[in-house]
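Data block below; observations after.
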Amino acid sequence: MFQQLIINGIIAGCIYTLIAIGFAIIYRTVKFFHFAHGVVYAAGAYFAYTFFILFDINPLISFFLSIALASLLGIAIDRFIYYPLRKNNAPNLVYLITSFGVFIFLQNLIQLIYGAQILTLRTGPIKVGHHILGAVITDIQILIIAVSLILVLLTWLFIQKSKLGKAIRAVSDDPIGARVVGINSEKVILTAFALGSALAGVAGILISLETNLEPTMGMNAILKGIIASIVGGIGSIPGTLFGGLFLGLAENLGIWKIQAGWKDAIAFAILIIFLLLKPSGIMGVKTKKEQI
């Protein structure tokens, strides 16, 4: 039982990490909570369902198309919703309310198109999992862990080594200074939304291979992603990986002796404890740990 909970916690933590890294990249660039990130996660899963199940396209092609569309959706949200607000110097509260509005609108649009019923991406017979150290892990779960860790590494390398990645870090640390030295902040923001939304789309696809799809799946995902990114230090990719894995393990080990319905309560208890210990963590105050 203990070994299985550890495996389950790692799998959940990997998904939380992908959501959290995408959210954190966007947050550190635009400096507001992009709650609509959760519906981009859900849209990625539904795009995959459309291509793979409804259109019967090759799964690999379907998933790449879905990730691209999730990325484009994030870009569209920024260009058509947030960009006009930036031009008018809107306060952060307006961004927050707008982001919730976009989330609710797109969530209801998904429900209108696909219905409220639970859908699945899984096809064919259920295969027996592999027995490892007393736990059972399936091929899909191995795929989730492998893809997540690879993407975390590639994202970290992109942020640290590429010209665009360095520009993202510059805008994140000092937006005014970045503009003074000639960095196009709008191009950087566009890149942040494209990358962050693509990671959310990947997370949505991976989790839908393991569980099911439902229109409201984005709300729980974005809340867990926010908690993971705050615990790990918003903007730190290694820290976010730690935060995601910590949250996944804490949730799954926490329900060892209590009912599974308490999983969300455990996540929010972790957030409250963290904020009591470090009240500046949610405000984006920069420390060495919080640098991208």
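Key figures
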| quantity | calculated |
| --- | --- |
| Where Rh is the Kirkwood radius over Cα pairs, Rg/Rh for segment 137-261 | 1.03 |
| Max mean-square fluctuation residue, GNM over the chain, Cα-Cα springs under 10 Å, options F158, F246, F33 | F158 |
| Solvent-accessible area of Y83 with every protein chain in place, 1.4 Å probe, in Å² to the nearest 10 | 80 Å² |
| Cross-link pairs K224/K278; K163/K278; K161/K224 - those with Cα-Cα distance over 22 Å | K163/K278; K161/K224 |
| Full-extension gain in nm, V181 to L276, via 0.36 nm per residue minus C-alpha separation | 30.4 nm |
| Portion, in percent, of the accessible area of segment 142-292 that falls on carbon or sulfur, probe 1.4 Å | 72 percent |
| Reach of K127 by Cα under 19 Å, taken over aspartates and glutamates that are not fewer than 8 positions away in the same chain | D139, E210 |
| With all protein chains modelled, accessible area of I226 [1.4 Å, Å²] | 10 Å² |
| Scattering curve values for the chain, log₁₀ I(q)/I(0), Debye with Cα scatterers, q = 0.07, 0.16, 0.17 Å⁻¹ | -0.25, -1.34, -1.49 |
| Listed residues N212, N220, N89, most fluctuating in the chain (Gaussian network, C-alpha, under 10 Å) | N89 |
| Three-way shape call for segment 1-85 based on the alpha-carbon gyration tensor, with the a/c threshold at 1.5 | oblate |
| Whole-number accessible area per residue in Å² for segment 5-157, which is evaluated in the context of all protein chains at 1.4 Å | 49 Å² |
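The values are calculated or read from the model by the stated rules, or taken from the named source; none is laboratory data. Keep in mind the model is a prediction, meaning the values are calculated, not measured. Heads up: the accessible areas ignore ligands, DNA and RNA and are worked out on the full protein's heavy atoms, side chains in. Shrake-Rupley method; radii C 1.70, N 1.55, O 1.52, S 1.80 Å.
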